[in-house]
Every structure is written in structure tokens, then in C-alpha cells.
Amino acid sequence: MRTDEEERAGSASRPMPEKEGKRGWRDLPLGAVVTEAGSARAYVTGEWRSGQRPLLDTNRCTSCMICWVYCPDAAIKVEGGKVVGIDYDHCKGCGICAAECPARPEAAIKMVAEGEEG
């Protein structure tokens, strides 16, 4: 007699019977595969932003690159070794860049409400 665990494991490996006109799991496109290097740039994901966005004060920024290192979305724009802006097409508004900015007494990056100029 098979245990419940063995039964579940056995059923997971068997495809479900296909119904007429319906696609089975084997017909679905392969997911989570990077087919081309750098393809993420083509997908604008900044519209998912949390309601806040980072605002860079270039007068306070020392271009230490800490924000660039910590940004999970690679949304910090760098040219010639200097931070020049934020890529709002890909920024999700997590605030890590503002939290990690070492510029003091006030950080060079602060979080503002979406649509606010600062």
C-alpha cells in the first residue's frame, strides 16, 4: 500500500489528462529563462513603484557609488564614474539607495511622494 506522500509524488510526475481544446502543461512556454543578455532593459518596471521615488541632490552627492552597489534594480545612472541620476523606468521605490547614502548631515538621495518635486 502506498503512503499519501508516495501517492502525491507519483501524481506530480504524471501529466494531467488533456481536455479537448485545452493545452496541457507540456504545451506551456518555458518560464524563468533569460534568452538574451541585457533583455531586462526592454521591460519598463518602474510603474510598479511603491508610491515613493528617490530624488537625487547632485550638489550633495559625492559619487561614492554606495547607492549604485545596493540598488536591487540597477536604477542608479552612472556616467564617467559619477552618479548622474535615477532610472525611473526601472526604480521600484524601495528606498535602499536613500537609506544607504552616507552623505551627511543630509543624504544626497531622499524619498519623496510620487509626483512631488522635492
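Brief remarks follow.
- Flag for G51 being small (G, A, S), at pLDDT below 95 and touching a Gly at 6+ places or on another chain (Cβ under 8 Å): yes
- The single residue among A75, A98, A107 that is in contact with a strand residue (DSSP E or B) (Cβ under 7 Å, 6 or more places away or on another chain), among the small types (G, A, S) and under 12 Å from L55 (Cβ atoms) turns out to be A98.
- Residue ID - farthest from E117 (Cα to Cα), chosen from residues in the range 30-58 that are among the hydrophobic types (A, V, I, L, M, F, W, C) and surrounded by 10 or more Cβ atoms within 10 Å (Cβ to Cβ): A40
- Within the range 40-68, considering residues that are outside any loop (DSSP other than H, G, I, E, B) and in contact (Cβ under 8 Å) with a residue 60 or more places away in the chain, the one nearest to A108 (Cα to Cα): L55
- Enumeration of residues in the range 69-118 that are loosely packed, with under 12 Cβ neighbours inside 10 Å and assigned to a loop (DSSP other than H, G, I, E, B): P72, G80, G81, P102, R104, P105, E106, E114, G115, E116, E117, G118
- Considering E106, E36, the condition of being free of Cβ contacts under 8 Å to residues at least 24 places away in the same chain and out of contact with any helix residue (DSSP H, G or I) (no Cβ under 8 Å at 6 or more places or on another chain) is satisfied by E36 alone.
The values are calculated or read from the model by the stated rules, or taken from the named source; none is laboratory data. Keep in mind that what you see is a predicted model, and the values were worked out from it rather than measured. In this analysis, Cβ positions are derived from the backbone assuming ideal geometry, glycine residues included, and neighbour counts consider all displayed protein chains.
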